[in-house]
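Have a look at the structure below before the remarks.
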Amino acid sequence: MRKRHTLKNELTVFMLLASVVTLMLVAIAVCYVFFSFFFKNTQEDIEYVLNNTTQQYQSHMQFIEDGAISIRHNSLLGDFFQTDSCDADIAKEQLMYSMELFADRNQVNQQLPFVTSVYLFNNWDQCIKEYYYAITLASEKQQEKSYKNMQQWFKKDKNQYACVTDSKNLNILFRIYDDNMKEMGIGIAQISLEAIEGIFEDIEGYQDYSWSILSHNNLMLVSGGDATQNDLLKEKVVSWSGNKNVEGRKVIVSADASGFGLRTIIAVGQNNILAILRPTLIIFLVGLVIVLILTFLVSYGISYRFTKPAARMIANIRAFGRKELNVRMEDSSIQEFHDIGQVFNEMADRIEYLITEVYEKQLLATQSQVKYLQSQLNPHFQFNILAMLSLKAKMAGNEELYESLNAFSKLMQGKIFREKEIKIKVREELEIVQFYLFLQKERYQDKLTYEINIEDEQIKENLIPRLLIEPLVENAVSHGLEPKKESGIIRVCMYEENFIEENDEIKKQKKTSKILHIIVEDNGVGIDYEKMNEKSTEEVQQPEKIDHTHTGFENTRKMLQILYGENYKFNIWSEKGKGTKIEIILPAERGEIPCGK
């Protein structure tokens, strides 16, 4: 057996797949943009940090170069370099002025001095110095002795620059020339290693970082980070900015030369790009998951919105199949469901009507059979008794009683012995009416008068439902004239009228037929027929309270509905205190006409 799926599941899965495919395509596009744009931007940001760090270091080295130029062109310091009898205090004051150790340019992160002290030596080995920090006399003498040894060593060296490092400082030795490029002396700038590390601390937050300061002869003076990476880069990189693959290591490098023959190399691993983008990527993935969840919920909600009416329809159809004929579809705002519900409701109304009609016909037939069988219980005995009583009345000379018993006998014969006949001739129905009115006339005497008017004798041969007129006349007497204090009259009138039918199937083809008008009218107390109709619903719910008049009218109407369908009219006009008029309009149905007629 083929596996079946519900519309709700199919719609949910379809919408979810469509949404997921769309989201995945969007996610792929976003990821492409993400990795092409943000990856590039992140790499540029890292390169900016590396280059900015390099520039900061170069800026501080430029401070030393500018100080050296200022010293060279200072005329007062020129006396210190050219004679051995210069005023040391004046020279020291000019050195302090030229180097500006306390200037902002000499500050690293606005906390540490880059150059902590400066020494100047002339050709006579005389020395002037400037310190950033206060120093004791003992330390000053010891440090001066050390720097004199450096000066003596550098004096013998032929290089223009030299660098010496110890545990705390990087010392840069440089020669000072006059305008004729004749050497006037030697300068030594003491640079704090702590300050240098402060400059490069911004790159320590990256993975696989390394930095180094190299001398002109490729000697590593100061370094930090991955030592192996520093060793590889100092051999492979001179000046570079960007990506570099060094013996399998993918790094981002910023390398450049600075003053005094030094150069710097700063590098970080390319994996820092992904490390930086990882939080953003996680947020993106979490957002994608949230969107997928929301998409599922929206898909489920939409499918539920569209399948809920269908589920209700299926439930109603199944209930209707269980013979719950009062089940109807609810109206829907969706046009298609509205149309389906409307068609189903119309079909259900029609089926219920047909079932009810068949049931009522069967019920009427059953009731008629029962009544007929009941009425046939020894009917001859009843009529024999009536015949005997009427004969005794005639023999006794009571003609009035004889006629009354005879009329009652004929009335009962018309109602009982013709029970199986559905339609009878008008004259036969009028005989029953006349017998009934004769008996009522005997009862009410002058209070009741009646008239029976037939427009054409041929009308008496028409066929009408049995007991169609007599119950209406009986109702007029019982509910119209009997409650009235004054005398009253009942009129029965019948006439025919030509009626023209148009056939829609054949254009302009017309058919002429006759219709029969039956009117029963009285000037009795009248009834409030509209008010009686308003109570019909309540009366149906409480059958024991049904008004006899209303029941008679409804029974007559149902009989006409069963026999003639929609081809009849049953009109009632009534007004309190003035009387009631009932008109029935039927198709004229002529029976057999006796000979001579």
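Could you grab me the full set of residues in segment 319-342 that are under 25 Å from I302 (Cβ atoms) and of a type outside the set (D, E)? It would help to see each step written out before you state the result.
Pass one, segment 319-342, residues under 25 Å from I302 (Cβ atoms): 329-342.
Once the filter is applied, which keeps residues that are under 25 Å from I302 (Cβ atoms) and of a type outside the set (D, E), segment 319-342 yields M329, S332, S333, I334, Q335, F337, H338, I340, G341, Q342.
Looking at the structure I just gave you, is K129 surrounded by fewer than 17 Cβ atoms within 10 Å (Cβ to Cβ), under 20 Å from I71 (Cβ atoms) and without any contact (Cβ under 8 Å) to a residue 40 or more places away in the chain? Write out each step before concluding.
Numbers: surrounded by fewer than 17 Cβ atoms within 10 Å (Cβ to Cβ): no; under 20 Å from I71 (Cβ atoms): yes; without any contact (Cβ under 8 Å) to a residue 40 or more places away in the chain: yes.
Judged against the criteria, K129 is not a match.
Quick one: count up the residues across segment 16-56 that are at pLDDT below 85, β-branched (V, I, T) and either closer than 30 Å to W240 by Cα or touching a Gly at 6+ places or on another chain (Cβ under 8 Å) (or both).
Result for segment 16-56: 1.
Restricting attention to segment 221-231, and to residues there that are of a type in the set (S, T, N, Q) and either open to solvent by 40 Å² or more (accessible area, probe 1.4 Å) or assigned to a loop (DSSP other than H, G, I, E, B) (or both), which single residue is farthest from Q207 (Cα to Cα)? Break it down into steps so the answer makes sense when it comes.
Taking segment 221-231 and keeping what is of a type in the set (S, T, N, Q), we get 223, 228-230.
Checking the rest, the ones that are also either open to solvent by 40 Å² or more (accessible area, probe 1.4 Å) or assigned to a loop (DSSP other than H, G, I, E, B) (or both) come to 223, 228.
Details: S223: 16, T228: 14 Å.
Filtering segment 221-231 for residues that are of a type in the set (S, T, N, Q) and either open to solvent by 40 Å² or more (accessible area, probe 1.4 Å) or assigned to a loop (DSSP other than H, G, I, E, B) (or both), the one farthest from Q207 (Cα to Cα) comes out as S223.
Is there a residue in segment 576-588 that is among the hydrophobic types (A, V, I, L, M, F, W, C), at pLDDT 60 or above, part of a loop (DSSP other than H, G, I, E, B) and on the phi < 0 side of the Ramachandran plot? Can you show your working first?
To start, the set of residues in segment 576-588 that are among the hydrophobic types (A, V, I, L, M, F, W, C) comprises 582, 584-586, 588.
Filter once more, keeping what is at pLDDT 60 or above: 582, 584-586, 588.
Checking the rest, the ones that are also part of a loop (DSSP other than H, G, I, E, B) come to 588.
Applying the additional criterion that residues be on the phi < 0 side of the Ramachandran plot yields 588.
Yes - at least one qualifying residue is present in segment 576-588.
Name the residue, out of A162, A134, that is among the hydrophobic types (A, V, I, L, M, F, W, C) and not in a loop (DSSP other than H, G, I, E, B). Give the steps one after another, and end with the answer.
Details: A134 fails: not in a loop (DSSP other than H, G, I, E, B).
One residue alone meets the criteria, A162.
Select from segment 37-57 the residues that are open to solvent by 60 Å² or more (accessible area, probe 1.4 Å) and over 30 Å from N106 (Cβ atoms) and list them in ascending order.
F37, F38, F39, K40, E44, listed by residue number.
Looking at segment 213-247 only, could you name the residues that are under 60 Å from the mean Cα position of the chain (by Cα) and within 20 Å of I46 (Cβ to Cβ)? Steps first, answer last, please.
Restricting attention to segment 213-247, the residues satisfying the condition of being under 60 Å from the mean Cα position of the chain (by Cα) are 224-226, 229, 240-247.
Matches in segment 213-247: G224, G225, D226, Q229, W240, S241, G242, N243, K244, N245, V246.
Among what's in segment 36-73 and is of a type in the set (F, W, Y) and touching a residue at least 24 places away in the same chain (Cβ under 8 Å), pick the residue that is farthest from I276 (Cα to Cα).
Of the residues in segment 36-73, the ones of a type in the set (F, W, Y) are 37-39, 48, 57, 63.
Checking which are touching a residue at least 24 places away in the same chain (Cβ under 8 Å) leaves us with 38-39, 57, 63.
On the way: F38: 10, F39: 9, Y57: 25, F63: 34 Å.
So, considering only residues that are of a type in the set (F, W, Y) and touching a residue at least 24 places away in the same chain (Cβ under 8 Å), the one farthest from I276 (Cα to Cα) is F63.
If I go through segment 83-98 residue by residue, how many of them are in contact (Cβ under 8 Å) with a residue 40 or more places away in the chain and within 12 Å of D125 (Cα to Cα)?
Matching residues across segment 83-98 total 1.
Within segment 77-112, how many residues are loosely packed, with under 13 Cβ neighbours inside 10 Å and over 23 Å from L193 (Cα atoms)? Break it down into steps so the answer makes sense when it comes.
Residues of segment 77-112 that are loosely packed, with under 13 Cβ neighbours inside 10 Å, as a first pass: 83-85, 87-89, 102-104, 109-111.
When the remaining residues are screened for being over 23 Å from L193 (Cα atoms), the result is 83-85, 87-89.
The number of residues fulfilling the criteria is 6.
Filter segment 343-372 down to the residues that are at pLDDT below 75 and either of a type in the set (A, V, I, L, M, F, W, C) or in contact with a Leu (Cβ under 9 Å, 6 or more places away or on another chain) (or both), then identify the one that is farthest from L560 (Cα to Cα).
V370
Conditions (1) free of Cβ contacts under 8 Å to residues at least 12 places away in the same chain; (2) surrounded by 17 or more Cβ atoms within 10 Å (Cβ to Cβ); (3) more than 17 Å from M61 (Cβ to Cβ); (4) not small (G, A, S), marked per residue:
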| position | (1), (2), (3), (4) |
| --- | --- |
| E144 | no, no, yes, yes |
| M150 | no, yes, yes, yes |
| K155 | no, no, yes, yes |
| K158 | yes, no, yes, yes |
| K168 | no, no, yes, yes |
| N171 | no, yes, no, yes |
| F174 | no, yes, no, yes |
| D178 | no, no, yes, yes |
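In segment 330-341, which residues are open to solvent by 80 Å² or more (accessible area, probe 1.4 Å), without any contact (Cβ under 8 Å) to a residue 24 or more places away in the chain and either hydroxyl-bearing (S, T, Y) or assigned to a helix (DSSP H, G or I) (or both)? Don't jump to the end; show me each part of the working.
Within segment 330-341, the subset open to solvent by 80 Å² or more (accessible area, probe 1.4 Å) is 330-331, 333, 335-336, 340.
Cutting the leftovers down to without any contact (Cβ under 8 Å) to a residue 24 or more places away in the chain gives us 330-331, 333, 335-336.
Passing the criteria: S333, Q335, E336.
So which of M313, M347 is open to solvent by less than 30 Å² (accessible area, probe 1.4 Å) and either on the phi < 0 side of the Ramachandran plot or part of a helix (DSSP H, G or I) (or both)? Walk me through it before giving the result.
Numbers: M347 fails: open to solvent by less than 30 Å² (accessible area, probe 1.4 Å).
Matching residue, one of M313, M347: M313.
Out of S59, S85, S70, report the one residue that is among the small types (G, A, S) and modelled with pLDDT under 85. Give the steps one after another, and end with the answer.
Numbers: S59 fails: modelled with pLDDT under 85; S70 fails: modelled with pLDDT under 85.
That would be S85, the only listed residue that is among the small types (G, A, S) and modelled with pLDDT under 85.
So is V327 open to solvent by 90 Å² or more (accessible area, probe 1.4 Å) and of a type in the set (V, I, T) or not?
Numbers: open to solvent by 90 Å² or more (accessible area, probe 1.4 Å): no; of a type in the set (V, I, T): yes.
Considered against the rule, which asks whether it is open to solvent by 90 Å² or more (accessible area, probe 1.4 Å) and of a type in the set (V, I, T), V327 comes out as no.
May I ask you to list the residues in segment 165-190 that are part of a loop (DSSP other than H, G, I, E, B) and touching a helix residue (DSSP H, G or I) at 6+ places or on another chain (Cβ under 7 Å)? Talk me through it step by step, then tell me what you get.
From segment 165-190, those part of a loop (DSSP other than H, G, I, E, B) are 166-168, 178-182; that's our starting set.
Result: K168, single match.
Please specify each residue of segment 232-270 satisfying the condition of being exposed (fewer than 14 other Cβ atoms within 10 Å of the Cβ) and part of a helix (DSSP H, G or I).
Passing the criteria: only E235.
Considering only segment 284-310, state which residues are open to solvent by less than 50 Å² (accessible area, probe 1.4 Å), touching a residue at least 60 places away in the same chain (Cβ under 8 Å) and within 11 Å of the chain's Cα centre (by Cα).
T295, S299, S303 - these are the residues of segment 284-310 that are open to solvent by less than 50 Å² (accessible area, probe 1.4 Å), touching a residue at least 60 places away in the same chain (Cβ under 8 Å) and within 11 Å of the chain's Cα centre (by Cα).
Could you check segment 204-220 and list, in sequence order, the residues that are on the phi < 0 side of the Ramachandran plot and either open to solvent by 40 Å² or more (accessible area, probe 1.4 Å) or modelled with pLDDT under 90 (or both)? Outline the logic, then answer.
Narrowing segment 204-220 to residues on the phi < 0 side of the Ramachandran plot: 204-207, 209-217, 219-220.
Those that are on the phi < 0 side of the Ramachandran plot and either open to solvent by 40 Å² or more (accessible area, probe 1.4 Å) or modelled with pLDDT under 90 (or both): E204, G205, Y206, Q207, Y209, S215, H216, N217, L219, M220.
I'd like the full set of residues that are of a type in the set (G, A, S) and open to solvent by 30 Å² or more (accessible area, probe 1.4 Å), limited to segment 576-590. Give the derivation first.
Applying the first criterion (of a type in the set (G, A, S)) to segment 576-590 yields 577, 579, 588.
Once the filter is applied, which keeps residues that are of a type in the set (G, A, S) and open to solvent by 30 Å² or more (accessible area, probe 1.4 Å), segment 576-590 yields G577, A588.
Is it the case that segment 518-527 has a residue that's modelled with pLDDT under 90, in a loop (DSSP other than H, G, I, E, B), buried (at least 16 other Cβ atoms within 10 Å of the Cβ) and within 60 Å of the chain's Cα centre (by Cα)?
From segment 518-527, those modelled with pLDDT under 90 are 526-527; that's our starting set.
In the following step, the residues that additionally are in a loop (DSSP other than H, G, I, E, B) were identified as 526-527.
Filter once more, so that each one left must be buried (at least 16 other Cβ atoms within 10 Å of the Cβ): 526-527.
Remaining after also requiring within 60 Å of the chain's Cα centre (by Cα): 527.
Within segment 518-527, one or more residues are modelled with pLDDT under 90, in a loop (DSSP other than H, G, I, E, B), buried (at least 16 other Cβ atoms within 10 Å of the Cβ) and within 60 Å of the chain's Cα centre (by Cα).
When you look at N74, is it closer than 13 Å to I176 by Cα, open to solvent by 10 Å² or more (accessible area, probe 1.4 Å) and out of contact with any Cys (no Cβ under 9 Å at 6 or more places or on another chain), yes or no? Explain how you work it out, then say what you get.
On the way: closer than 13 Å to I176 by Cα: yes; open to solvent by 10 Å² or more (accessible area, probe 1.4 Å): yes; out of contact with any Cys (no Cβ under 9 Å at 6 or more places or on another chain): yes.
In short, yes.
So which residues in segment 350-362 are charged (D, E, K, R) and surrounded by 11 or more Cβ atoms within 10 Å (Cβ to Cβ)?
Keep residues of segment 350-362 that are charged (D, E, K, R), which gives 350, 352, 357, 360-361.
Within segment 350-362, E352, E357, E360, K361 qualify.
Can you run down the residue pairs with Cβ atoms below 9 Å, 6 or more apart or on separate chains, where the first is in segment 342-368 and of a type outside the set (V, I, T) and the partner is loosely packed, with under 11 Cβ neighbours inside 10 Å?
Close Cβ pairs satisfying both conditions: A348/N326; E352/N326; S368/K420.
Could you pull out the residue among Q62, Q43, Q110 that is under 30 Å from Y209 (Cβ atoms), touching a helix residue (DSSP H, G or I) at 6+ places or on another chain (Cβ under 9 Å) and outside any helix (DSSP H, G or I)? Quick ask: steps written out before the conclusion?
Details: Q62 fails: outside any helix (DSSP H, G or I); Q43 fails: outside any helix (DSSP H, G or I).
Result: Q110 is the single residue among Q62, Q43, Q110 that is under 30 Å from Y209 (Cβ atoms), touching a helix residue (DSSP H, G or I) at 6+ places or on another chain (Cβ under 9 Å) and outside any helix (DSSP H, G or I).
The values are calculated or read from the model by the stated rules, or taken from the named source; none is laboratory data. It should be emphasised that the depicted structure is a prediction, and the values quoted were computed from it without experimental measurement. Backbone-built Cβ (ideal geometry, glycine too); neighbour counts: all protein chains shown. To get the accessible areas, we keep the full protein, side chains included, count just its heavy atoms, and leave off ligands, DNA and RNA. Shrake-Rupley method; radii C 1.70, N 1.55, O 1.52, S 1.80 Å.
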